Amino acid sequence: MNSKSQNSRQLYARLLRHVIPYWKIMVISVISLLILSSAEAAFAAVLEKMIDKIFVAKEQLYMYAIPAALVIISIVRGLMNFCGVISINWVANKIVMDLRQMMFERLLHLPVQFYNDNSSGNVISKIIFDVSQVTAAATETFVTIIRDTFTITFLIALMLYYNWQLTLISFISFPVIAFAVKAVSKRMRSLNTDLQDSMGDMTHVLEESVLGHKVVKVFGGHDYEKKRFDDVSNWIRRYANKVKITSTASVSFVQFITALALALIVFIAAKDAISGGDFTAGQFSAFFTAMGLLFSPIKRLTKINENLQRGLAASQSIFNLIDVTPEYELGKQLEQPLRGDVEFRNINFSYKNSEESALNDVSFSVKAGETVALVGQSGSGKTTIAGLLPRFYELEHGSIQIDGMDISELDLKVLRNNIALVSQDVVLFNDTVAANIAYGPLQNKKERDAIISAATAANAMEFIEKMPDGIDTLIGENGAKISGGQRQRLAIARAILKDAPILILDEATSALDTESEFKVQAALENLQKSRTTLVIAHRLSTIENSDRIIVLDKGKIVEQGTHQELIRKQSYYFKLHNAQFDS
C-alpha cells in the first residue's frame, strides 16, 4: 500500500511493527513509567496525612514517617524516570538505525527512473531529517503518553477516593479539551508535512550550490543561489511559525478550561466546608494537590499532538520511499560464462512523462569481441541504448539478448556482473586509489598486484606512483584531488579489473584535453581487447577503427557500416564527420 493513502492508524501500525523486536525493553520502560506515575499520586496521599496527622492531630509518629516517605518517593521517582526514559531512547535509536538502513538498502535497489524523478537533496533529507523527526516523536510521545496517562489515571482514582462528586465536576472540562485536540490534529499534520517538504528543498538547494560551486563563481550565480536559499528558508520560517502558533493556541485554550474547572471546584469545596461538611483540611489539600498535579500531564498530552503529527508526517515521507517498487532482480543464473554476443530486437522505448519516443524499432547485433560505435546528434538515442543493456530502464517493446538469453530473464546481479561501464561523468568515492579501482565486491577478491596491473594497463600508474601514499592515497570527494584525465584512467582501471565480457564506453574521452585523451585512448584500447564493446562517442576520430559504426537519428538507425563504407555513402555519417572536422 502506498503510504500516501495511509491514515494515522495505519501509520501507527507500521511503526509498531518496527518496535515489536524490542518488546522486552519496551516492557521495562512501561513498568518503570507505571511506577513513576504511581509515585505522583503517592505524593498527594502523603500530603493528606502530613496535614491531618502532624499539623492538626499533632501525632509524633508521623513527624518521622512523613519525611521518610517523601524521601523514598523521591528516590523511586528518580530511578524509575531514569529507567523509563533511557530504555525508550535505546529503542528509539534502534528504530532510527533500522529505518535508515532499510531506506538506504531500498535506495540501492531502486530503478534509475526514481533518481531521474527525485532530487538527491530531497532523498537525503528523508534519511537524515525525516527519520530524526520520527525519533523525537517516538521518544517524547511514548514517554508522555505512557507516563502521563498513568499519572492522570492514578490521580483521578485518588480524587474519586476522596470526593467522587467533586471529581465528576472536574470531568466537565475533558470533552472540551478532547474536542480542541482533535480540531488541531489535522492542521498540525498538514503543516508538518509542508515543513518537511521545505527542509528537503533546502537540502536540495544546498547540495546544488556546494557541488556546483565553480559554476556559481564563474557565472556569477551568487545572488541567484542566495535568493533560492533565502526563499526556501523563508518558507521554513513561515511553516515553523504556523506550527508554533497552532500548538501554543491549543495549549493556552486547554489551560484556560482547566483553570475554570479548578475555580469551580474550589468554590464548591469552600461552600461545603463553610456549611459544616466532613471534608478534612488534609483531604481537601490532597484532593486539590492531585487536581493541580493533573494540570502538567494534561498540558503535556495536549502539546504531544504537535510532536505526534510531526512524527506521522515524517513517517509518511519515510514509507513513501520504502514503498517504491525496487528493480526486479531475480532471474536465471548462468551455467557458464557469457561470451558477449549482444542483440537488440525491435526496441521501442519512451522515457516516463515524455511524449516522444527515444527509440523506434531499433534492431542490431554485436558479435562477441566486436567493437560497435553509436553516433548521432544529441537526443538521437545513443545513451538510451547504453542504459537499456544493463537494465537501468525496463523495455516496453522488443527484447535484448545476450548469448541468446533475454536479459529480462537473467538475474540482475548476474547481468551487471558481466558488464563494465566507463562514462564521461566518472564517479569516484572519497577513498583510496586502490578502493576506487577495486570497487564493490572486487575489494575482497582482488590482490594489490591485480590492482596495480589494472592501473598499469590503464596508464594510471605514472601518476599514482607520484602520489604521497601510492595506491593508498585518498583522492577526495569524487576525485577532487586529481585531474579529469587521471579520474578517467582510474575508471578505466576499475573496468579492466572487473574483467567483464561486455563493455560500455559512454563519451569516455569527450571532456579531455588532447594529451589526456591520447593517454586515455591508449588505455581504452587495452580495455577493449577481447571484449564486446559499445562505444558512444562525440569525437568521431576516436571510433574510426571500430568494427562497425551505427548512425542514429531521432531514435532510429539510419545507416551502419565501417568508417570507410559510411564515408563513401556520403549520407548521415559523412555529414556528421565533415561538420565536425570542418569546425
Inset, instruction - Would you check if there is a residue in segment 216-231 being at pLDDT below 75, within 28 Å of the chain's Cα centre (by Cα) and assigned to a helix (DSSP H, G or I)? - result: yes
Inset, instruction - Give me a count of the residues in segment 395-428 that are under 27 Å from the mean Cα position of the chain (by Cα) and without any contact (Cβ under 8 Å) to a residue 12 or more places away in the chain. - result: 1
Inset, instruction - With a cut-off of at least 3 residues that are under 17 Å from LEU36 (Cβ atoms) and not aliphatic (A, V, I, L, M), name the helices (runs of 4 or more DSSP H) lying wholly within segment 60-132. - result: 61-108
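The rows are residues; the columns are (1) among the hydrophobic types (A, V, I, L, M, F, W, C); (2) modelled with pLDDT of 75 or more; (3) touching a Leu at 6+ places or on another chain (Cβ under 9 Å).
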| residue | (1), (2), (3) |
| --- | --- |
| THR167 | no, yes, yes |
| VAL181 | yes, no, yes |
| HIS213 | no, no, no |
| ASN241 | no, yes, no |
| ALA263 | yes, yes, no |
Inset, instruction - Among residues belonging to segment 533-583 that are among the hydroxyl-bearing types (Ser, Thr, Tyr) and not in a strand (DSSP E or B), point out the one that is surrounded by the most Cβ atoms within 10 Å (Cβ to Cβ). - result: TYR573
Legend entry - Considering residues of segment 467-493 that are farther than 17 Å from TYR439 by Cβ and surrounded by 17 or more Cβ atoms within 10 Å (Cβ to Cβ) only, the residue modelled with the highest pLDDT: MET467
Inset, instruction - Would you confirm whether any residue within segment 41-49 is in the same structural domain as ALA314 (by TED's automatic domain parsing), without any contact (Cβ under 8 Å) to a residue 60 or more places away in the chain and in a helix (DSSP H, G or I)? - result: yes
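The values are calculated or read from the model by the stated rules, or taken from the named source; none is laboratory data. Not measured: the values here are computed from a predicted model. Please note: Cβ atoms are built from the backbone with ideal geometry, for glycine as well, and neighbour counts cover all protein chains shown.
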